[in-house]
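None of the figures in this text is laboratory data; all of them are computed from the coordinates on show. Computed from a predicted model, the values in this text were never measured in an experiment. Methodologically, a virtual Cβ is constructed for each residue, glycine included, from the backbone with ideal geometry; neighbour enumeration extends over all protein chains shown.
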Amino acid sequence: MKEKIRKLIENLIKILQKKGKLPDFEIPEILVERPKEEIHGDYTTNVAMVIAKIIGKNPRKTADLLRDRIKTENTKRGKGENGRLFKKIEVAVPGFINFFLSQKILFAELATILKEKNRYGRNELGKGKTVIVDYSSANIAKPFGIGHLRSTIVGQAIYNLYKFLGYKTIGDNHLGDWGTQFGKLIYAIKKWGDEEEIAKEPIKNLVGLYVKFHQEAEKNPELEEEGRKWFKRLEEDDKEAKRLWKKCLKWSLKEFEKIYKILGIKIDLALGESFYEPMLKDIIKEALDKKIAIKSQGAVVIPYPDDSLPPFLIRKSDGATLYSTRDLAAIKYRRKKFKPYKIIYEVGVDQILHFKQLFWAAELFGWGKRDDYIHVVHGMTRLPTGRMRTRKGEMILLENVLKEAIKRARKIVEKKNPGLKQKEKEKIAEIVGIGAVKYNSLSRRPLTDIIFKWEDVLNLEGNSGPYLQYTYTRAKSIIGKSKIDTMKIKKGKSEFSFVPISGTAAGQPDSLTAVMAAGKEEKEIRLLKRLIKFPETIMESAKKYSPNLVCNYLFNLSQDFNAFYEAVPVLKEKRSDLKRRRLALVEATTQVIKNGLSLLGIEVLEKM
Ligand code: ARG
């Protein structure tokens with residue numbers, strides 16, 4: 001709707017310019033917003049004020065001029081409210097133009113939802129543009145952490161949003177599978193490990209060996225040198241080093257795959273840091289040749305203009321490359337191979353500095369602008385008892401968290417719906433449990449810290465995954481019971497489109513019924529206005545890299561729906577046109593919840 005109004009204004013400005021009513025100027029960006037208060041309309045724009053400034057005229061008069069033109073255009077569309085896009089167009093000081101939508105346009109949009117179904121909210125905005133999303137990116141031989149879970153869930157939602165908006169999207173799992181730590185690990189495996197034993201519980205054992213290495217190295221610093229040697233061998237493609245490294249990779253990926261499988265997530269690529277190993281020398285050379293980097297005590301660093309950031313270390317004095325070097329190589333490779341419009345990284349708050357340095361360095365290399373790279377920062381996830389510290393060996397195995405969610409959801413299903421078949425209950429528990437964990441990560445702004453509490457995660461009443469799934473199921477069952485098949489609802493579209501809501505109230509014989517009818521209409525209109533806000537919510541949420549906006553929206557939609565359903569008879573309504581219209585609202589609600597949840601990677605259920 002925002003987009004429709006924006007286009008309309010743009011066209012009218014052009015017409016006014018052609019007619020000489022407005023001077024020639026380049027049309028500025030036209031912002032159409034939702035006003036904070038309903039008395040200011042459904043949408044508002046400040047475009048008249050912007051134009052007035054450009055042409056040096058009075059903002060109020062410019063707004064009047066535009067308003068009159070929009071009014072003429074609006075009236076041309078037909079007599080009476082039903083023929084018009086807007087019920088009312090007002091100018092407010094100092095020069096806002098406020099739009100009040102007509103029922104015609106509201107109902108036309110309702111019909112669009114029912115017609116476009118799973119496609120409702122889609123857009124071609126990103127046509128021809130590629131967006132790379134770098135997410136999940138766990139580390140080999142380390143646990144898949146709760147931060148990686150959040151990155152996986154939020155990253156996937158961002159990926160889905162951009163795809164929905166017509167961008168070509170490429171997901172890349174930038175696995176931590178390279179670096180000096182692998183030299184230490186290989187040394188530790190050879191010295192204290194037993195491959196068969198490790199294979200039984202790989203992550204736990206590998207972490208154990210890594211910790212042991214550090215403990216021993218404290219007593220005997222020579223070990224560090226041993227670790228370095230093994231990493232050197234790995235870099236030089238030594239057979240034994242490569243064999244053990246590959247084993248670590250295989251062990252870890254097997255564990256990670258389990259988690260992706262439970263989450264139902266598949267990432268397009270998993271190139272990993274090791275992929276860039278052959279390109280690292282050239283990166284360092286390029287940085288030195290272009291005079292972006294300098295040598296400093298044997299190391300190579302990228303300093304920033306005016307020292308506004310600490311120097312970016314890209315080669316250590318012992319010659320080893322780093323995480324940073326591989327990230328630079330990844331940018332160069334991705335730019336060449338995919339020509340991305342943007343690269344989005346979903347990574348935790350502890351890497352803010354790294355990405356600032358990286359993006360600026362990329363700009364210094366001449367690889368586009370810093371703003372072409374986005375760090376979507378996620379905050380910490382804490383347990384009510386404090387932070388999870390994997391390094392100290394206090395690992396929470398993520399797989400167990402996910403399984404626990406399913407187990408707890410199973411109990412709820414048992415209570416709510418004991419009559420279901422065993423198999424069905426299990427399936428529902430899985431979808432509800434996993435949906436709940438995902439929603440818990442998604443419903444907060446990525447940057448906020450989350451305190452993980454089961455009561456919140458599985459709350460059936462509050463802003464939670466299960467609550468939305470439950471609303472969906474409930475609405476779906478109304479359609480199921482209606483005996484009017486959905487095809488018929490859609491056929492009846494001309495009917496619900498053109499019966500004016502206020503007309504039905506006026507047609508009531510006595511005023512009390514009229515008031516009550518008006519109250520019901522108010523609920524219907526509120527729901528409808530919420531429904532049509534879906535497409536703009538998707539756009540905003542992608543633009544701000546904030547899937548939480550979709551969550552908020554869906555939660556509000558569910559509340560509007562539940563308020564509507566409590567106050568307005570649907571199945572019991574006797575008048576067939578009203579019944580059809582209300583069923584159409586119910587059907588559209590299920591569709592929009594489904595589309596929204598699907599973008600968040602959450603499934604819906606017909607029964608729950
Ligand atoms: N493996 C890293 C970590 O766990 C995250 C990698 C993020 N992606 C990137 N291109 N640096 O901290």
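From its DSSP helices (H runs of at least four residues, each -39,500 (n - 2.57)), the chain gives a residue-normalised ellipticity at 222 nm of -18500 deg cm²/dmol. To the nearest 10 degrees, how steeply does helix 280-289 sit against the main Cα axis of the chain, on a 0 to 90 scale? Once rounded, one gets 80 degrees.
With respect to the chain, whose longest principal axis is taken over its alpha-carbon atoms, helix 2-18 is tilted by about 70°.
Pairs exceeding a 28 Å alpha-carbon distance, out of LYS232/LYS285; LYS127/LYS266; LYS76/LYS168: LYS76/LYS168. Comparing ILE39, PHE25, THR75 along the charge dipole axis of the stretch 2-101, the residue lying farthest to the positive side is THR75, per the Cβ-charge model.
Think of the chain as a dipole: +1 on every Lys or Arg Cβ, -1 on every Asp or Glu Cβ, centred on the Cα centre; then among VAL592, LEU554, ILE146, VAL592 lies furthest on the positive end. Angle check, please: helix 576-599 long axis (alpha carbons) against the longest principal axis of the chain (alpha carbons), in degrees 0 to 90, nearest 10. Value to nearest ten degrees: 20.
What order do you get for GLU29, GLU225, GLU216 when you list them from fewest to most C-beta neighbours inside 10 Å?
Ranked by crowding around the Cβ, least crowded first: GLU29, GLU225, GLU216.
A full extension of the chain between GLU33 and LEU460 corresponds to an added length of 150.5 nm, given 0.36 nm per residue minus the alpha carbon distance. Computed over the chain, the P(r) tail beyond 35 angstrom holds 52 percent of alpha carbon pairs.
In what sequence do LEU402, LEU442 fall when counting other Cβ within 10 Å, fewest first?
Arranged by neighbour count, lowest to highest, LEU402, LEU442 become LEU402, LEU442.
Each of GLU3, GLU286 was scored by other Cβ atoms within 10 Å of its Cβ. Listed from fewest to most, they are GLU3, GLU286.
Using 0.36 nm per residue and subtracting the Cα-Cα separation, the extra length available between TYR304 and LYS453 on full extension is 49.4 nm. Please report the relative contact order for the chain, taking Cα pairs under 8 Å with a sequence separation of at least 6, and give it as a percent rounded to a whole number. Reported as a whole number, the value is 14 percent. Which of TRP367, LEU578, ILE265 sits farthest toward the positive end of the charge dipole of the chain, with +1 on the Cβ of Lys and Arg and -1 on the Cβ of Asp and Glu? Comparing the listed Cα positions along the dipole, LEU578 ranks first. Based on alpha carbons, the Rg and Dmax found for the stretch 2-101 are 12.8, 38 Å.
If R0 is 30 Å, what FRET efficiency do you get for GLU566 and LEU383 from their C-beta distance, rounded to 0.05? Please list the in-between numbers first.
Working: r = 37 Å, r/R0 = 1.24.
It comes out at approximately 0.20.
With both labels modelled 7 Å from their Cα along Cα-to-Cβ, the SER317 to GLU195 distance reads 3.8 nm.
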